[in-house]
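Contents: one structure, followed by commentary.
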Amino acid sequence: MERYPGPAVIRLEQLSKRYGSVQALAGVSLEVPAGCLYGLLGPNGAGKTTVLRILCTLLAPDQGAVTIAGINALAEPRLARQQLGYVAQEVAIDKILTGRELLELQANLYHLPRAQRQRRIAELSELLSMDAWLDRRCGTYSGGMRRRLDLASGLLHSPAVLVLDEPTVGLDIESRTALWQVLQQLRDGGTTILLSSHYLEEVDALADRLAILDGGLVIAEGSPAELKRNLGGDRVTLRVREFASPQEAEQAQRLLQGCKGVRQVVINRAQGHAINLVVDGDEVLERLRQQLSEASLPVFSLAQSRPSLDDVYLQATGRTLLDAELAAVASRDPKAEKKQAMR
Amino acid sequence: MTGATALAPALAPAPAPSALAELSQETLALTKRLFLQLQRRPSTLVAGILQPLIWLVLFGALFAKAPAGLLPGGVSYGRFLGAGVIVFTAFSAALNAGLPVMFDREFGFLNRLLVAPLRSRFSIVLASVLYITSLSLVQSLAIMGAAWALGYGWPGGAGLLVVLGTLLLLVAAVTALSLGLAFALPGHIELIAVIFVANLPLLFASTALAPISFMPSWLGWLAALNPLTFAIEPIRAAYLGQFSLTRVVLEAPYGNLTAGQCLLVLTLLSVGLFLSIRPLLDRKLS
């Protein structure tokens, strides 16, 4: 972490949390250096929201320690809250208030003096282009506007740390890009940012460092470049047919596993039994084609790429992020989620 | 101009305000929010006056020709009813105290409040109490005005203070109950159901509409234990210009109670209810 010589602004140590029979977190530890934009990547149900709720003192962990800017957040939550701005996943606004009234309320809850309140609201309104609609009722806002208002409300007291839970879910591309730019500007200005996301490209584009969360544990940690570099090797995706049968895929797998320069062969059952290979380099591709041709196996498509974050995820968890997302969606319990979110 | 300053974290902290100043700031801000909601959606205020007004007019008319001397003190039914409807107004308003809190719990707004460095999270509860107390008193005063317009009287001088003080005690107790329910129940549907079911039976099983002497023994017992009755009888006495702490206002199956004793019961009830919901609030808010 040569770029970040100072102490960590956020330190989470061995956080564990159980909801009934479900172990949401099983010993999560991570450190966020000052001035870093840190991504928490994982599918829905991985425990990201639970980590952020514990960090923002909304929830107490069963075990573990939380330190924010040197403050023990579990022992002194009020002091910790002064250092934090939280932008939750579900934008909870009061539809009948105007944006400005909501920001004024927020400023009062953070005990900002009057002059500072007005100044901060004006600054943030200009920064986030809210001037045109800030005095309209929140119930009339679009998703992008609500998200900007929520971001402004998290930034009002100029926190050292900004925590965002899935900030771009449901946003159109334009709003998303604008939000990314604001976050990068914030980071450049010295704010430490921790954001959770299940979008690979978002974490890849924004994060200086990231942690991959799966099944309540951090299973990989580092900068995107480091993680991809550590994987090593190129990625090849082979489709014997557009939708191959398991037998064909297994036949191809057995054939290619012995091939020189092939490090790993994994059948991706959710993607039409495509075969994901990790190979040494460009020259291996030709060898693969030859082997397949000699065995009279058809080739629908053969694609090569440098390692991506998806490959990092696949390597660490054994499945792609998309598959993990699909599995999470299938096993979602909206009632339980609502109960967990409600105090 | 604003870009750099807007984005930079705060460097030098301002001098710390006192705990009381911070508590006032956050409580007043939360109370202001509730009043803004009321201002823009006044249906709560209007309904809270219209419904008891209809009761006052209809019930008063229903028994307008009841034989004289039927009721204790020989008063007309309208005068008898007035105190009951006033208390019912305050009670209904206070019973709904938990609804805004419940909606905030359900739709995530409470989480927004809990992430803030509040001096005390009880400022959330305090704001609700301030708001509902104000609302109840305004509605009750409106009904008192209507009762006066209908010729049912007006409590003179100290009597007015007795009425308002009694209403405050009842509102405090019922607000505590409603807030407790708002944190204990899982959603607004359940809370509305409880409010709906509790409202009218509590009214009928009190001396709001009829004296205990009219009731069968079992209902008389219920009415004599009903908190509403302990508020209604002192107010009735104040309306009759007969208020004195030592004067008997309630002839219950278990004995007679003076106005002072009724007010004491209400006070103990308020304090008791707030103390009993405190562990629940601690758990939910801390």
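If you take the residues of the range A:83-117 that are surrounded by fewer than 21 Cβ atoms within 10 Å (Cβ to Cβ), at pLDDT 95 or above and out of contact with any Asp or Glu (no Cβ under 7 Å at 6 or more places or on another chain), which of them is nearest to A:Leu194 (Cα to Cα)?
A:Glu101
For every residue, the table says whether it meets (1) crowded, with 16+ Cβ neighbours inside 10 Å; (2) within 14 Å of chain B (Cβ to nearest Cβ); (3) more than 20 Å from the chain's Cα centre (by Cα).
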{"position": "A:Pro167", "(1), (2), (3)": "yes, no, no"}
{"position": "A:Thr191", "(1), (2), (3)": "yes, yes, no"}
{"position": "A:His198", "(1), (2), (3)": "yes, no, no"}
{"position": "A:Ala205", "(1), (2), (3)": "no, no, no"}
{"position": "A:Asp214", "(1), (2), (3)": "yes, no, no"}
{"position": "A:Pro224", "(1), (2), (3)": "yes, no, no"}
{"position": "A:Arg241", "(1), (2), (3)": "yes, no, yes"}
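Give the range A:13-46 a look and list any residue that's part of a loop (DSSP other than H, G, I, E, B) and at pLDDT 90 or above, or say none. Give the steps one after another, and end with the answer.
First, the residues of the range A:13-46 that are part of a loop (DSSP other than H, G, I, E, B): A:20-21, A:34-36, A:42-46.
Listed by number, the residues that qualify are A:Ala34, A:Gly35, A:Cys36, A:Gly42.
Here are the criteria: (1) free of Cβ contacts under 8 Å to residues at least 24 places away in the same chain; (2) part of a helix (DSSP H, G or I); (3) under 28 Å from A:Ser175 (Cα atoms). Tell me which single one A:Ala80 does not satisfy.
Here A:Ala80 clears every test but (3).
What pairs come out if I take residues in the range A:121-132 that are at positive phi and pair them with residues that are in a helix (DSSP H, G or I) whose C-beta lies under 9 Å away, six or more apart or interchain?
As it stands, the answer is A:Ser129/A:Arg148; A:Ser129/A:Ala178, since those pairs meet every condition given.
Name the residues in the range A:16-35 that are of a type in the set (Val, Ile, Thr), surrounded by 19 or more Cβ atoms within 10 Å (Cβ to Cβ) and more than 11 Å from A:Leu213 (Cα to Cα), would you?
Answer for the range A:16-35, where residues must be of a type in the set (Val, Ile, Thr), surrounded by 19 or more Cβ atoms within 10 Å (Cβ to Cβ) and more than 11 Å from A:Leu213 (Cα to Cα): just A:Val32.
Taking the stated definitions as given, is B:Thr267 of a type in the set (Val, Ile, Thr), in contact with a Leu (Cβ under 8 Å, 6 or more places away or on another chain), farther than 17 Å from B:Pro155 by Cα and in contact (Cβ under 8 Å) with a residue 40 or more places away in the chain? First the steps, then the outcome.
Values: of a type in the set (Val, Ile, Thr): yes; in contact with a Leu (Cβ under 8 Å, 6 or more places away or on another chain): yes; farther than 17 Å from B:Pro155 by Cα: yes; in contact (Cβ under 8 Å) with a residue 40 or more places away in the chain: yes.
Yes: the conditions hold for B:Thr267.
Any idea how many residues of the range A:160-179 are under 12 Å from A:Val87 (Cα atoms) and not aliphatic (A, V, I, L, M)? Give the derivation first.
Taking the range A:160-179 and keeping what is under 12 Å from A:Val87 (Cα atoms), we get A:161-168.
Those still in the list that are not aliphatic (A, V, I, L, M) too: A:165-168.
The total comes to 4.
Provide a single number: the residues in the range B:96-113 that are closer than 16 Å to A:Leu105 by Cβ, aliphatic (A, V, I, L, M) and touching a Ser or Thr at 6+ places or on another chain (Cβ under 8 Å).
Here is the first cut: in the range B:96-113, the residues closer than 16 Å to A:Leu105 by Cβ are B:100-101, B:103-104, B:107-113.
Filter once more, so that each one left must be aliphatic (A, V, I, L, M): B:101, B:110, B:113.
After this cut, where a residue has to be touching a Ser or Thr at 6+ places or on another chain (Cβ under 8 Å) as well, the list is B:101.
Total meeting the criteria: 1.
Just a yes or no: is a residue in the range A:253-264 within 26 Å of A:Ala328 (Cα to Cα) and among the β-branched types (Val, Ile, Thr)?
Within the range A:253-264, not a single residue is within 26 Å of A:Ala328 (Cα to Cα) and among the β-branched types (Val, Ile, Thr).
Of all strands (runs of 3 or more DSSP E) completely enclosed by the range A:236-343, which ones contain at least 2 residues that are touching a residue at least 40 places away in the same chain (Cβ under 8 Å) and more than 30 Å from A:Ala24 (Cβ to Cβ)?
A:274-279, A:301-305
Can you name the condition, by its number, that B:Ser43 falls short on among (1) exposed (fewer than 13 other Cβ atoms within 10 Å of the Cβ); (2) at pLDDT 90 or above; (3) facing another protein chain (nearest Cβ under 9 Å)?
Here B:Ser43 meets the rest and fails (3).
Working only within the range A:180-214, note down all residues that are in a helix (DSSP H, G or I) and of a type in the set (Val, Ile, Thr). Spell out the reasoning first.
As a first pass, look at the range A:180-214 and keep what is in a helix (DSSP H, G or I): A:180-188, A:200-206.
A:Val182, A:Val203 - these are the residues of the range A:180-214 that are in a helix (DSSP H, G or I) and of a type in the set (Val, Ile, Thr).
With respect to B:Leu137, determine if the residue is over 30 Å from B:Ser286 (Cβ atoms) and within 19 Å of the chain's Cα centre (by Cα). Even if it seems obvious, please write down each step before you answer.
Details: over 30 Å from B:Ser286 (Cβ atoms): yes; within 19 Å of the chain's Cα centre (by Cα): yes.
When the stated conditions are applied, B:Leu137 passes them.
Of the residues A:Gly272, A:Gly258, which is on the phi > 0 side of the Ramachandran plot and not assigned by TED's automatic domain parsing to the domain that holds A:Leu206? Spell out the reasoning first.
Working: A:Gly258 fails: on the phi > 0 side of the Ramachandran plot.
The unique qualifying residue is A:Gly272.
Of the residues B:Arg33, B:Arg79, B:Arg105, only one is among the charged types (D, E, K, R), buried (at least 19 other Cβ atoms within 10 Å of the Cβ), over 30 Å from A:Ser153 (Cβ atoms) and out of contact with any Pro (no Cβ under 6 Å at 6 or more places or on another chain); which?
Values: B:Arg33 fails: over 30 Å from A:Ser153 (Cβ atoms); B:Arg105 fails: over 30 Å from A:Ser153 (Cβ atoms).
Matching residue, one of B:Arg33, B:Arg79, B:Arg105: B:Arg79.
Of (1) crowded, with 18+ Cβ neighbours inside 10 Å; (2) out of contact with any Asp or Glu (no Cβ under 9 Å at 6 or more places or on another chain); (3) over 30 Å from A:Leu37 (Cβ atoms), A:Val218 satisfies all except one. Which?
In the conditions (1) crowded, with 18+ Cβ neighbours inside 10 Å; (2) out of contact with any Asp or Glu (no Cβ under 9 Å at 6 or more places or on another chain); (3) over 30 Å from A:Leu37 (Cβ atoms), A:Val218 misses (3) alone.
Here is a list of conditions, (1) outside any helix (DSSP H, G or I); (2) of a type in the set (Ser, Thr, Tyr); (3) away from chain B (no Cβ under 12 Å), and A:Thr177 meets all of them except one; can you say which number that is?
Only one criterion in (1) outside any helix (DSSP H, G or I); (2) of a type in the set (Ser, Thr, Tyr); (3) away from chain B (no Cβ under 12 Å) is unmet by A:Thr177, namely (1).
Which of (1) buried (at least 19 other Cβ atoms within 10 Å of the Cβ); (2) more than 14 Å from chain A (Cβ to nearest Cβ) is the odd one out, the single condition B:Gly69 does not satisfy?
(1)
Being at pLDDT 85 or above, buried (at least 19 other Cβ atoms within 10 Å of the Cβ) and touching a Pro at 6+ places or on another chain (Cβ under 8 Å) narrows it down to one residue among A:Leu321, A:Leu309; which is it? Let's see the steps before the verdict.
Working: A:Leu321 fails: at pLDDT 85 or above.
None of the other options fit; the residue is A:Leu309.
Given the structure, is A:Gln116 touching a Ser or Thr at 6+ places or on another chain (Cβ under 6 Å), in a helix (DSSP H, G or I), within 12 Å of chain B (Cβ to nearest Cβ) and under 20 Å from B:Gln25 (Cβ atoms)? Explain how you work it out, then say what you get.
Details: touching a Ser or Thr at 6+ places or on another chain (Cβ under 6 Å): no; in a helix (DSSP H, G or I): yes; within 12 Å of chain B (Cβ to nearest Cβ): yes; under 20 Å from B:Gln25 (Cβ atoms): yes.
No.
Residue by residue through the range A:141-151, note down the ones that are more than 23 Å from B:Leu30 (Cβ to Cβ) and either assigned to a helix (DSSP H, G or I) or within 12 Å of another protein chain (Cβ to nearest Cβ) (or both). Let's see the steps before the verdict.
Our first condition is that a residue be more than 23 Å from B:Leu30 (Cβ to Cβ); within the range A:141-151, this holds for A:142-145, A:147-148.
The answer is A:Gly143, A:Gly144, A:Met145, A:Arg147, A:Arg148.
Could you list all residues from the range A:85-113 that are within 7 Å of chain B (Cβ to nearest Cβ), assigned to a helix (DSSP H, G or I) and more than 19 Å from B:Arg41 (Cα to Cα)?
Hits for the range A:85-113 are A:Asn108, A:Leu109.
The values are calculated or read from the model by the stated rules, or taken from the named source; none is laboratory data. Nothing here was measured: the structure is a model prediction, and the numbers come from that model. A quick note on method: Cβ atoms are made from the backbone with ideal geometry, for glycine too, and the neighbour counts reach across all protein chains shown.
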